[in-house]
Each structure stands twice: as C-alpha cells, then as structure tokens.
1. Using r as the Cβ-Cβ distance of B:Gln320 and B:Ser258, and R0 as 25 Å, what FRET efficiency do you calculate, to the nearest 0.05?
2. For A:Phe305, what is the net charge nearby, where nearby means another residue's Cβ is under 11 Å from its Cβ and Lys, Arg count +1, Asp, Glu -1?
3. Among B:Leu313, B:Leu265, B:Leu158, which one shows the highest mean-square fluctuation when chain B is modelled as a Gaussian network with alpha-carbon springs under 10 Å?
4. Is segment A:125-227 rounded, prolate or oblate when judged by the Cα gyration tensor, a ≥ b ≥ c being the square roots of its eigenvalues, rounded requiring a/c under 1.5 and prolate requiring a/b larger than b/c?
5. Do any trypsin sites (Lys or Arg not before Pro) in segment A:219-309 lie in a loop, going by DSSP, with at most 11 other beta-carbon atoms within 10 Å of their beta carbon, and if so which?
6. Need one word for segment B:37-187: rounded, prolate or oblate. Basis is the Cα gyration tensor (sqrt eigenvalues a ≥ b ≥ c); a/c below 1.5 gives rounded, then a/b vs b/c decides.
7. For every helix of n ≥ 4 consecutive DSSP H residues, a contribution of -39,500 (n - 2.57) applies; sum these over chain B, divide by its total residues, and give [θ] at 222 nm rounded to the nearest 500 deg cm²/dmol.
8. For chain B, take the longest principal axis of its alpha carbons; what is the angle in degrees between that and the long axis of helix B:311-321, to the nearest 10 within 0 to 90?
Amino acid sequence: MQGVMKITANILDRYDHLFHNLPVGLLLVDKNDKINYLNKIALDIFDLDGDISTVSINGLLENASTTDVKQMHDPIEKRDITKRNRKQVVTLYSPYLSEQGELLGVVILVEPLSLFHERVSQLTNIDLVQGVLQELRNSHAKFRVVLVDHSEWLSSEDWWDELHAISRHADKWVHKLAEIAMESRREIKETFEDNKVMSNHIEIISKPIQKYGKLIGCVQFLNADKLNKSEQELQFAKKIIRTLEKTYQIDDIIGESPAINIAREHAKLYAKMETPLLIRGEMGTGKYMLARVIHTLSDRYSHPFIRCNFSALANSNNMSMELEHVLRSGRNGTVYFYMDEIIEKEKQGQLLSFVDNIEELRVIFGCSQGLLSEHWKDSFYNMIQRYQITLPALRERQEDISLLVGTLLAKLNRRYHTNISKIDKEVIEYWKKCEWPGNIAQLERTLENLVLEADAFTHVITKEQLEKDDSKETRHLHRASSHMPLQTAIDQFEKDYIMLALQQHDFNKTKTAKSLGISVRNLYYKMDKYKIDRGAP
Amino acid sequence: MTKKIYRILVINPLVESTRIALFENDECLYEQLVVLTDVCVAKGIIAQRDERKRNIMDSIQSIGIDISTIDAVCGSGGLLRPIEGGTYQVNEQMVKDLNDSINGTHVSNLGALLAFDIANEWNVNAYIVDPVVVDEMLDIAKKTGIPSIERKSIFHALNQKSVGRSLASQLHATYEDLCLVIAHMGGGITVGVHQYGQVIDVNNGFDGDGPFSFERAGSIPNKDLIQLSFDSGMSKEALQHQLINKSGIKAYLDIERSADLKILLRSQPEKVKEVFDILAYQVAKEIGKMSTVVSGNVNAIALTGDLAGYDYLNQKIIEQVSWIADTYVFPGENVMLALARGTLRVLQGIEKVKQYN
C-alpha cells in the first residue's frame, strides 16, 4: 500500500479503470476534506450510491485523521469506524502531493477489518499463536500479560485465585512489579513473603516485551519452582539446618531498617577483603551470625570457620599454643575472635603479632563493649577499628520487629508443632517500645516462652496473653512445683538465678561471676550446662 | 580430651555420580547422590577429579553443614598395591599411585583422591578403609598347578570385614579372636575365611574362581573354557565380558537387572528356585572348602550381599553348611556405613591408623 503514496492527478485520470478494480477501497480527498474520488469497493464499504458531491470525509469516518496527514505530510495507518453502518475498517491515509511537492489532498485506502484479519491469518502464524495462548491459559502455567497502559490483556485461569490464596495484598504488589519491569525495561524477579506464614511465599518473574525497541507490554510468570511445596519444604529444611549448624547466609539476616541494610552492605563489601574486621554491637544483636555470613560470602567459604572466645584464650596458660591450634584447624579459613572483656595489653600485643604474621587466616573480631582507646594498645586499636561494622541494637530498629517476629515465629511453630499465625498488632506496638537489652536473642526467648505457653488452639497471641506471661516472668523464681524432682528444681533455680545476675550486670561475665562468687570459667561452664547463650558478644 | 561425637564425610564415587554421606559416629545424618554432568562423565576418570570435588563441596554447603565441624573425610579405596586390611590415612604416595593408576583404572580410585583434596581444604585427615586390594592371603593359598601363575586376593574386603565385625559383636567377641567364613553374594560372589582378623584365603570372584553369581560365570572346567575361547570366535574382551557380565543367573534366567529377579521369583518361582538350588550348592561347597583352611574350626558363617536377601537361597545354603557352624545372615551391603565405621575406629583410638608405603 505504501507504493501508492505519491499519486498525482494525472496518473489518477489515466488509471481510473485500474483503481476501480483495486481489491481495497480508494478515496481521494482534497485539501478541504471534500471527497474527489471513490472506487467501487470504497462505495460498498461506505454504503454510498455514487453521488459524492456533498460528502466530506468527516461524514464517512469517525475521527478521520486527514488533518494530521495534511499537517505532517506523513502517512498514518489506523483502525476507524464508518459513520453510516458502523463498520470497523483499516485505513491508510497518505498525503497526495504534486510533482513540486505541494499538498493537493489525501489518498485514503480502506479495507474492512474482517478482510484484514483474514489476510493476517493467511500470511502469518497468528492463529497458531492464539491457539497456543488459549492452551496456555488452560494449562498449569501461571502467567499474566499486561499492556503498556497497564491494562490486563490476558491471564491464566487461576492466576488471581492463586495469588489471593497467598495474600490479599498481592494485587498491589503484582501491579507494581509490572510497572517497574516496564519502566526499567529489565526482567525482575521478586519473592513475596507473607511475614505471618513462612511457607507461603512466591516468586514472580516480570519481563517487559519489546519489539524493535518499542515497549509493547509485560508478561509475568509465577515461578513454578517456588510454588512447589516440596521445594519450599526443602528450602525451609535447609534454613533449619543452617540455624542448627550456624552456617548463616546473607538472607538469614532479617530486617529492612536502614541500619541493618547498611550493615548488610558493609558485610558484602568487606567479605571480599582480607584485612582484619571488627563487628560491634550489643549482646544478642547477631555479631556471630554476621561473621559467619561474611565468611560464606568470602572466597574462603569452602574452608573452615573457627569461633574462638578470645577473653578465655587470653586467660589460658599457654596462649601461643592455643593460637597455633586455631591456625592449624582454621587454615585458609576465617577465625572469629570474640572479646567480651577487656584484655591485658600484653596479650593484645601477642594477638596483634599473631594477626600480623598470618596470611592463611582471615580474622574477624567481635566486641560488645564500647571501644575506649585507653583500654587498648595503640597499634592494636588502630588495627581493629580500621574496618568495622556496627550492628544496631533492636531498640534502634523497631521497624524490623514485626519482620523478625514473623521469621522467629515460623521457626518456633515448626519446632514446637504449634500453629500460631499471628501476633496481635498491639503486642508488636508494645514490643516496639521495649528496651530489649538482650536484643534479638531476648526477643526470641520471649517468643519461645509465649509459644510454649500457648495451646493447640491458639492462633493469635494477644496483649492479654503477654501480660499473663509477664507476670509469670516476675514470679519465675518461685516456679518450682512439688512434682519436680529436687535436682531439677535446684537446677531450675540455679539457671534462673544466673540469668537474673547476667541481666543485672548487662551480661558482663566477669562482673556476674564476681557477684555470684564463682570463677569466670565456672560461670561459662554453668552457662553451657544450662544452654544459656554465651551471646557471642 | 577425646571427643564423644565425630563427624565423618564419606565419599563413594560411582560411574555417573558420587554418593556422599555425613555420619555422626555411625549414625548417618544424610546421604546424597551428587550427579555428574554428561560432559564430565565423558572425560577420563582422573580428569573428573576437580569437578567431582567441587560438586561435593557445593552440595554440602548448600545443605548448610558447618564444615568446621567435620573431623575426617573417608573415601572408598581404589586399586592400590596389595595391602593388609584396615584403615589407612591417604598420603602423598597413595595419591601418586592412584593418579598413575598403577593397578588399573577404576572409578573407585577417585575415592581416596577426592577425600584427600577435600580434607586438605578443611584441614582434617583423609582415610580409606579396606580397599578391594586387601591381601592377607597365605602364600600357600596363592599357589596353583602352574608354578608361574599365582592366585590373587581381590574381593569385597570392605563388606566382608564390616560384616565380620558386626557378627563378632553379635557373638560378644572381637573380630580379631574369631575364625569366620563369610560369603558375599552380590554381582560377584566371594567367600573368604577370616582367621583372627585376617582374610587368609578367598576365591577371586572377579577372575572366575569359585561359584557363579548374578552375572559371573564362576569356575569353568579348563578344557571347556579353552574350547569356548577358540570356537566362539570372540575377541579376548568380548569373551571376558561374556564371562563377567553376561553369565550366571543372568544367563540362566535371561534377565538384565537384579530387580528383574525379584519380579521373576514372584511370577515363576519354580524356574528361579531351580537356579537358586544350583547356586546354593556351589556357595555351600565353597564355604565347605574354605572351612578346611582353618581345619574346620569355624566359629560362625555369615551370608551377606544383595543375594542374601532371598530367604530361599539362604535356607538352601544353611541346610548344607549347618554342620560346620551356625550361620548368620546380613542381607545387602552398606558401603557408606562400613567406611564410616572404619574411620570412626581410628578416630576413637580403637584401631591404629595404617600408613601406605
């Protein structure tokens, strides 16, 4: 059709017979939109009897585009509707120019839409494509196609049912993903996790569709792998194994607050470096976990990760032998020294020379105390404080509490076969205001107690339950009941008493041991015995 | 202070995959088949070393095991120089011999190599336990009628010894104090006589010595074998394949896989029992033969391997050997557990580790 673009008046006269027999309708419109000429097919399409003296193009077509063509001198192809018989037609408007390039009018080629469809179906694979799409819609494939204007063009049968089953809020998320994919013109893959129930998470892949650089739409798939129940179970099992084995990965660090995001980014950055690193943060903020994550992210990941209490090591009689042992078993790996007390400057020197002289080990320090330079040898202080990551205390990232609670709850549900799906908003709000001196570890303990108190029918933990539990906490020293064997009761008391002392001394072991009148070593022994987290400060 | 619980990674390379298992003492935490890519399978066996190693380490990490908690790595032993039974630490010499395939190429050669590579990364020791080349045979047992030809000791050392130990503990005795005759009945059949912990005589099932088995021919009269090798027109390799992979039960019952035997036993029990009768006769005779090695002083007999899972066969054998000693049945074979136990004995200090020279 493009070839007829520059028809001049002379040619038109000469080939009148030819135009009448064209398989498409042909109209010539002058500069004032008056119809000058129509061939037979055009007459049929517009249902005219032959008298065209009074007809203008606007009388034949709704929203004719002649004005645009006259202005731009460019052809336009579009779908139109005829005014008289409301027929759908495909029209090609083309400027009608003299040999000098002066505009004389517009040539319009018209074809009924049905005929156009027939041609398309004969010349292209459109029928096949439509057939396949129909089959896909009815199959197990889960997909959705969106057009540029964000309207949904096609979706598989149970796309929305599937999503709504997972979350009522999935709609917004899915629309947003399509939008981002189209805007960025990149494929995006994202996982939706409902915080309440861990097992219900899905992955959606959104891919923009482009043709010749022009954005046409976006297709979204539900990732079947992720939907697969057993796959999810496996992922969860692996998560549990990671927790038991303490081989954490970056995804195991929960939280969206800026502080934790910064820590995460730092971890990624420092993982590739070989220099000593210091992780700071209060007790229970997850310093050990982060050290493990850094090891996993580093090139040393296939070598051992050794955890070592440096304060205990420093107090041992043969420090250099112990260090030698660490070096041997951790060769090519990472060693995590945690220091819960200030150590003697002489020992610091020893450690410094140890760290300086080994290339086969990467050293990460963990420290829960404030770093005051006077407690440290200058050189040691300089070494450890050069690269550091600070983990925020839980009270500094209250917004993460509900995320953390969700993850911990899912874990506890599995462990104790309970079915608590939710913690009341009120409770979360209350917790956000709490101090949490023991941080995440304390949050986990609190949740564990609540879960253990709950019966099989409890699905939601409410403020009342919390208060009940709180009052128990205050009475917990007298929890021993008469049907407990004496030894168990004594152990229970001892555990509670040590816990209380630890809390009173902000988990400083030296002070706690002193107040209890026992040695630090003995305290550690008892903490291990009662499975009190050493806190990996 | 000795640790109470040891973690041992066990590696058993197979043709197209590697079976790995993680043990806490002798309890299996998990077992996994790490499958190789076709590209890797197409490579030579030694060339697969790096990819197999990487696959194993990746799979352990993906499960989330803390590798610093692993105390030892144990591989299946390969075709080394003939050695005494026991648990060996993988050393440079062993690695060199396996790399050079001094005693033949077999996928099991990778066991020690992989264990060595991985243990090196984790700063722990690598071991192998009772490889097939265990040779504790008496000199006299090696003699044949042709002075220049000697019998070789190639047998299911790992399973036989592991069953020997289990049997000893069942009898409240130590393996090293007993005389046992153990018949391993699997793809090949080997019957060994274990005298005070040493396998002093055993038939070489692989080379056609002793009873026939699921797929092997066993002893064939010399004259007929010579006749067959000249008349059949087969090449040396084809004839060997015929004798090792296409004879025995397979030939009698015209089946391919061991699973077919189970099906056939259900559908045509009479046909299968007829073959079992012949097999039982041959195994019993071999047990009798081996019993004479220790002058009949046999404390117990054990039947093991996959074929020991068939009660009818066991019963038939027991009927004929019951006059020698009591017979115990240990169906199947657990390579992974046997390897883990061998390593554990060394880690716990029950047994001394041996050095390969």
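1. The computed FRET efficiency comes out at 0.55.
2. Value of the local net charge: +3.
3. B:Leu265
4. Here segment A:125-227 falls in the oblate category.
5. Answer in residue order: A:Lys272.
6. Oblate shape, in that a/c is at least 1.5 and b/c is the bigger or equal ratio.
7. -12500 deg cm²/dmol
8. Relative to chain B, helix B:311-321 is tipped by roughly 70 degrees.
The values are calculated or read from the model by the stated rules, or taken from the named source; none is laboratory data. Bear in mind that the values here come from a model prediction, so they are computed numbers and not experimental data. We place every Cβ from the backbone using ideal geometry, glycine too, and count neighbours over all the protein chains shown. What goes into the accessible areas is simple: the full protein's heavy atoms, side chains included, and nothing from ligands, DNA or RNA. Shrake-Rupley method; radii C 1.70, N 1.55, O 1.52, S 1.80 Å.
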